[in-house]
Structure formats: C-alpha cells, structure tokens
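Here is the structure we will look at.
What follows is calculated from the coordinates using simple rules that are stated; it is not laboratory data. From a predicted model like this one, the values you see are computed outputs, not experimental measurements. All Cβ positions, glycine included, derive from the backbone under ideal geometry; neighbour counts span all protein chains shown.
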Amino acid sequence: MKIKILGTGCAKCRRLEENVRSAIQQIPVDVEVEKIEDLDDIINYGIMITPALVVDDEVISVGNVPNVPEIRKILEARGIK
C-alpha cells in the first residue's frame with residue numbers, strides 16, 4: 001500500500017502527515033508514505049485545496065485533516081487490520 005500526503009507544508013499538511021504516521025504505527029502493516037509538496041504534482045491529482053490524502057492513487061480526502069481513528073478506518077476498509 002502506498003499513501004501520499006499532498007500539501008505545500010502548511011500546518012494542516014504537517015498534521016495530516018503526523019496523523020497518517022500515527023495510524024500506521026498502530027496497525028502492523030508495510031505501508032509506504034510519501035509527502036508530495038510540488039504544486040505541479042499536486043495539481044496533477046486534480047487537487048486545488050490542500051491537504052489531500054491519497055491511498056493507492058485514489059484521492060480519499062481533500063481540504064481537511066482526518067484524525068487518527070478516521071485514517072485507521074480508511075486503511076481497514078482497504079483490508080488492513
């Protein structure tokens with residue numbers, strides 16, 4: 001599984017990254033986390049508001065910061081428990 005955090009480095013973007021990393025620490029799984037800050041790369045996903053969360057190239061959330069339980073739920077819905 002590959003998780004991407006799209007954002008230019010604002011406080012919300014950093015908080016999303018922290019929440020993602022906390023969630024995957026709670027679930028013993030091999031996940032690659034990538035932070036994408038380049039505006040052109042972000043726009044290529046069709047994202048106009050950051051932060052955004054992308055899981056396996058599917059945009060999951062845009063413009064908000066899911067908390068750790070919400071991120072766990074997203075991952076568990078994709079078969080990770």
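Could you check the stretch 1-16 and list, in sequence order, the residues that are without any contact (Cβ under 8 Å) to a residue 40 or more places away in the chain and either under 18 Å from Glu76 (Cα atoms) or over 10 Å from the mean Cα position of the chain (by Cα) (or both)?
Kept after step one, since they are without any contact (Cβ under 8 Å) to a residue 40 or more places away in the chain, are these residues of the stretch 1-16: 9, 11, 13-14.
Residues satisfying the conditions are Gly9, Ala11, Arg14.
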**Complete:** Note: among Ile47, Ile80, Ile43, Ile24, just one is touching a strand residue (DSSP E or B) at 6+ places or on another chain (Cβ under 6 Å) and either of a type outside the set (Gly, Ala, Ser) or assigned to a helix (DSSP H, G or I) (or both), namely Ile47
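Could we say that Ala23 is out of contact with any helix residue (DSSP H, G or I) (no Cβ under 6 Å at 6 or more places or on another chain), at negative phi and surrounded by 11 or more Cβ atoms within 10 Å (Cβ to Cβ) here?
So Ala23 fails the test.
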**Asked** Any idea how many residues of the stretch 50-77 are out of contact with any strand residue (DSSP E or B) (no Cβ under 9 Å at 6 or more places or on another chain) and assigned to a strand (DSSP E or B)?
**Response** 1
**Prompt:** Counting only residues that are among the β-branched types (Val, Ile, Thr) and closer than 14 Å to Ile3 by Cα, which one in the stretch 43-61 is surrounded by the fewest Cβ atoms within 10 Å (Cβ to Cβ)?
**Reply:** Val59
**Request:** Please go through the stretch 28-65 and pick out each residue that is farther than 23 Å from Glu76 by Cβ and of a type in the set (Val, Ile, Thr).
**Result:** Ile36, Ile42, Ile43, Ile47, Ile49, Thr50
**Request:** Of all residues in the stretch 1-21, count the ones that are part of a helix (DSSP H, G or I), in contact with a Pro (Cβ under 7 Å, 6 or more places away or on another chain) and of a type in the set (Val, Ile, Thr).
**Result:** 0
**Request:** Please specify each residue of the stretch 31-40 satisfying the condition of being part of a loop (DSSP other than H, G, I, E, B) and exposed (fewer than 11 other Cβ atoms within 10 Å of the Cβ).
**Result:** Asp38
